[in-house]
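**Q** Below is one structure. I have some questions about it.
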Amino acid sequence: MKPPLSIKIYSSAADLPENWNDLALDNIFLSKEYLEILEKSAPINMICHFIGLFQDHELVGTALSQFLDLNKMDSFGERDRCLKTTARNLLFKNFCSHILIIGNNMLTGQNAFSFSGKIDKIQGLQVLKTASKKLEIIFKNKGLKVHITTFKDFEMEETAAFQQAGFRNHFQYSTQPNMLFDIPNQWRSEQDYIEALSKKYRDQYKRARKKADGVEKRKMHLEDIVKHEETIYDLYHHVAKNAHFNTFFLSKNHFRTFKEVLQDKFLFYGYFLDDKLIGFNTLIKNGAVMDTYFLGYDDSVQREKMLYLNMLYDMIAYSINKGFKEIIFARTALEIKSSIGAKPMKMYGYAQHSNPIADLAFEKVFSYLEPKVAWKERNPFK
């Protein structure tokens, strides 16, 4: 009989076991390098821990946790316009503002854990549940009470393992979908994509490209990112603060740190008009998958030049040209991403409130944390 799994919780990437990356072969977002980026440039209201699962001193599982303190958000008052009264605001602050996530709140998809073939997924999930309880104690000792614990972003076929691992008493929720773009094997260039579009969406493509006349796209290196850091942050912050609900804002040094650590696996493209930076987007190479990351733009120019749509087309073109199999466009702006060919993948999570009474009302609480967005799915292909 195999010995039970043990848990080690780390707060620094430098302390991780040497062979940590052996379990992150398929996911850069669980690698030492990425966790180092989080450690150096996580949002001001986020505390990250890295979880190792061991069997007889052998590393058999890795996971990421993020603790969010929504009280530290600058936009707490502005953002929560749906919480109309002071009483509700107070309720939110005292019962919903400290969230412990097993997973990554800055990304979409299963970036929570990786298990080796030596352990059963159900067993691994049970141990991660225990790890979350240990983390609650760590935060309690710091004077921080965890209100909500959540395991986030899993596809439908993964939910059965959670049920079997003892998550039946957790609230199962479904967030906005992850927008995925599959690249057919026969596509070799952007032209193949254009030819696959129906006339309506080929016309949309041509119109967007024509509108972007005069805009210059530049691949930016570390020194460029550092040079334009203030403008980059302003462009990012403008887009981020207009989201329905924010649980964090990136730190100013985030993109610089990404480039320093991941180098060529992190792509940063600036868009310039008359030599002025008016927008940017970022991409992360994750094996055969291209992950889109944060972007920013000047809203007045964005509308006139259809900048956001052109960025999406540029991401598709690059990914096809470089032989990637899939693009993860994540959530937000669902309809426009649908119009360029991304398909929705429903994602699920499990959450539990530390207060048993509040836990009964979790569905209502969750509607504040994850507002529903109405959108219409498009199909741009012939």
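**Q** With θ set to phi - 60° and the Karplus curve 6.51 cos²θ - 1.76 cosθ + 1.60, what are the ³J(HN,Hα) couplings of the stretch 152-158 in order, to the nearest whole Hz, using x for Gly and Pro?
**A** These are the phi-based 3J(HN,Hα) values: 10, 6, 10, 6, 3, 5, 8 Hz.
**Q** So what is Rg over Rh here for the stretch 121-220, counting just Cα atoms and using Kirkwood for Rh?
**A** Rg divided by Rh gives 1.23.
**Q** Let me ask you something else. Where only protein heavy atoms count, and the probe is 1.4 Å, what is the accessible area per residue for the chain in Å²?
**A** 48
**Q** Can you compute the modelled spin-label distance between Arg188 and Glu304, with each label point 7 Å from Cα toward Cβ, in nm?
**A** Distance between the two pseudo-spin positions: 4.0 nm.
**Q** Can you pull the one-decimal nm distance between simple spin-label points at Asp22 and Lys40, each 7 Å off the Cα toward Cβ?
**A** Here the modelled spin labels are 2.6 nm apart.
**Q** Something else about it: As I understand it, the value is the acute angle between the Cα axis of helix 199-211 and the longest principal axis of the Cα atoms of the chain; what does it come to in degrees, rounded to 10?
**A** 80
**Q** Go through Phe154, Ile138, Leu107 and say which Cα lies farthest out towards the positive end of the charge dipole of the stretch 95-215; charges sit on Cβ, +1 for Lys and Arg, -1 for Asp and Glu.
**A** The residue sitting farthest along the positive end of the dipole is Ile138.
**Q** Can you pull the Rg over Rh of the stretch 183-337, Cα-only, Kirkwood?
**A** Rg/Rh for the stretch 183-337 comes to 0.95.
**Q** Rg and Dmax of the chain, Cα atoms, in Å?
**A** In Å, with Rg to one decimal and Dmax whole: 21.4, 69.
**Q** Could I ask something else about it? If you take the charge dipole of the chain about its Cα centre, with +1 on Lys and Arg Cβ and -1 on Asp and Glu Cβ, which of Gly124, Ser354, Ala374 is farthest toward its positive end?
**A** Final value for the positive-end residue is Ala374.
**Q** Moving on. Please report the net charge: other residues with Cβ closer than 13 Å to the Cβ of Glu18, K and R +1, D and E -1.
**A** Spelling it out: positives minus negatives among the neighbours equals -2.
**Q** A further question follows. Can you tell me the dipole magnitude for the chain around its Cα centre, using point charges on the Cβ only (Lys, Arg +1; Asp, Glu -1), in Debye to the nearest 20?
**A** So the dipole magnitude of the chain works out to roughly 1060 debye.
**Q** Keeping the other protein chains in place, figure out the carbon and sulfur percent of the accessible area of the stretch 153-202, with a 1.4 Å probe.
**A** On the way: 1210 of 2570 Å².
With neighbouring chains kept in place, the figure for the stretch 153-202 is 47 percent.
**Q** A further question follows. What's the angle, to the nearest 10 degrees (0 to 90), between helix 229-240's Cα axis and the longest principal axis of the chain?
**A** It is inclined by approximately 80 degrees.
**Q** Further question: Label points 7 Å out from Cα along the Cβ direction at Asn169 and Lys227: separation in nm?
**A** In this crude label model, Asn169 to Lys227 measures out at 5.9 nm.
The values are calculated or read from the model by the stated rules, or taken from the named source; none is laboratory data. Everything numeric in this text was worked out from a predicted model, so none of it was measured. All Cβ positions, glycine included, derive from the backbone under ideal geometry; neighbour counts span all protein chains shown. When the accessible area is computed, the model is the full protein with side chains, heavy atoms only, and any ligands, DNA or RNA have been set aside. Shrake-Rupley method; radii C 1.70, N 1.55, O 1.52, S 1.80 Å.
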